[in-house]
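Structure first, then comments.
The values are calculated or read from the model by the stated rules, or taken from the named source; none is laboratory data. These numbers were taken from a predicted model, which means no experiment stands behind them. Here Cβ is always computed from backbone atoms with ideal geometry, including for glycine, and neighbour counts include all displayed protein chains.
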Amino acid sequence: MESASNEEMLPPALPLATLIGRELRGGGSERPLVRYGHSGFAKRGEDYFLVKPDCLRVPGDPSSAFSVFAVFDGHNGVSAAVFSKEHLLDDVMSAVPQGISREDWLQVLPRALVAGFVKTDIDFQRKGEMSGTTATLVVIVGSP
């Protein structure tokens with residue numbers, strides 16, 4: 001019952017469309033509440049996820065906050081999903097130049113995502129293992 005009272009203290013969850021609409025109209029919140037959860041894991045245990053809601057583009061600067069959520073749907077074993085979970089975000093972020101402005105960071109992020117996925121894939125292939133994974137990575141950037 002204690003968790004129910006904690007739930008009541010949180011603001012009500014809003015549909016993503018409502019949040020996007022507010023952003024488009026200029027009425028977005030500075031730090032919207034992000035809720036997440038997981039369920040329905042495969043019995044074979046080949047699926048993994050990554051949840052990092054409090055990343056900082058600039059260490060110590062809360063205005064540079066962003067969140068990362070990823071799902072790794074492994075097949076033919078867990079190796080590729082585990083490897084991707086452990087390396088993909090670092091590979092993406094290492095492709096982003098340090099010390100750039102928020103606007104520049106947003107501009108280079110799409111190429112960094114491609115570079116990170118490619119690097120993770122090549123590095124895993126070099127291991128010579130036969131498993132695979134489908135990866136979905138979402139980056140949510142806070143307002144300026």
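Just to be sure, is residue 70 hydrophobic (A, V, I, L, M, F, W, C), within 20 Å of residue 142 (Cα to Cα), in contact with a Phe, Trp or Tyr (Cβ under 7 Å, 6 or more places away or on another chain) and not in a loop (DSSP other than H, G, I, E, B)? Please lay out each step first, then the result.
Details: hydrophobic (A, V, I, L, M, F, W, C): yes; within 20 Å of residue 142 (Cα to Cα): yes; in contact with a Phe, Trp or Tyr (Cβ under 7 Å, 6 or more places away or on another chain): yes; not in a loop (DSSP other than H, G, I, E, B): yes.
Yes.
Give segment 75-118 a look and list any residue that's of a type in the set (Phe, Trp, Tyr) and more than 14 Å from the chain's Cα centre (by Cα), or say none.
Residues of segment 75-118 that are of a type in the set (Phe, Trp, Tyr), as a first pass: 83, 105, 117.
Across segment 75-118, the qualifying residues are 83, 105.
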Residues being farther than 13 Å from residue 137 by Cα, of a type outside the set (Val, Ile, Thr) and loosely packed, with under 15 Cβ neighbours inside 10 Å: count how many of those fall in segment 87-105. 7
What is the number of the single condition among (1) hydrophobic (A, V, I, L, M, F, W, C); (2) part of a loop (DSSP other than H, G, I, E, B); (3) at pLDDT 70 or above that residue 33 does not meet? (3)
Could you grab me the full set of residues in segment 44-67 that are part of a helix (DSSP H, G or I) and at positive phi? none
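When you look at residue 129, is it buried (at least 17 other Cβ atoms within 10 Å of the Cβ) and more than 27 Å from residue 25 (Cβ to Cβ), yes or no?
Details: buried (at least 17 other Cβ atoms within 10 Å of the Cβ): no; more than 27 Å from residue 25 (Cβ to Cβ): yes.
In short, no.
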Of all residues in segment 95-140, count the ones that are assigned to a loop (DSSP other than H, G, I, E, B), out of contact with any Gly (no Cβ under 9 Å at 6 or more places or on another chain) and under 28 Å from residue 76 (Cβ atoms). 2
